[in-house]
Amino acid sequence: MNLRDRVALNIQDLRRARGLSQEELAHRADVSRGHMGKVENAKFAASLDLLERIAKALNVDPKELFTKR
């Protein structure tokens with residue numbers, strides 16, 4: 001599994017564990033729902049700035065987005 005796929009799956013897992021919709025996470029991370037969908041489906045390589053906002057929106061340390069589960 002490449003890093004982009006791992007990050008995408010971790011974002012999905014963390015979002016679902018918190019009971020958030022993709023739209024709500026996108027709103028909290030200040031990005032469009034469509035863009036968030038592309039990040040979660042590994043169709044788009046998110047910038048470090050966006051990953052930091054996503055981690056903050058999920059209330060996790062950014063390293064959690066990269067951790068092998």
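All of the numbers you see were taken from the coordinates with simple rules; none came from a lab. Only a predicted model underlies this, so the values are computations on that prediction, with no experimental measurement involved. For neighbour counting, all protein chains shown are included, and Cβ atoms are generated from backbone atoms with ideal geometry for every residue, glycine included.
See the values below:
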{"item": "Segment 34-69, residues that are closer than 12 Å to Leu3 by Cα and of a type in the set (Ser, Thr, Tyr)", "result": "Thr67"}
{"item": "Pairs where the first residue, in segment 53-69, is closer than 14 Å to Val31 by Cβ and touching a residue at least 40 places away in the same chain (Cβ under 8 Å) and the second is among the basic types (Lys, Arg) and part of a helix (DSSP H, G or I), C-beta under 8 Å, 6+ apart", "result": "Leu58/Arg15"}
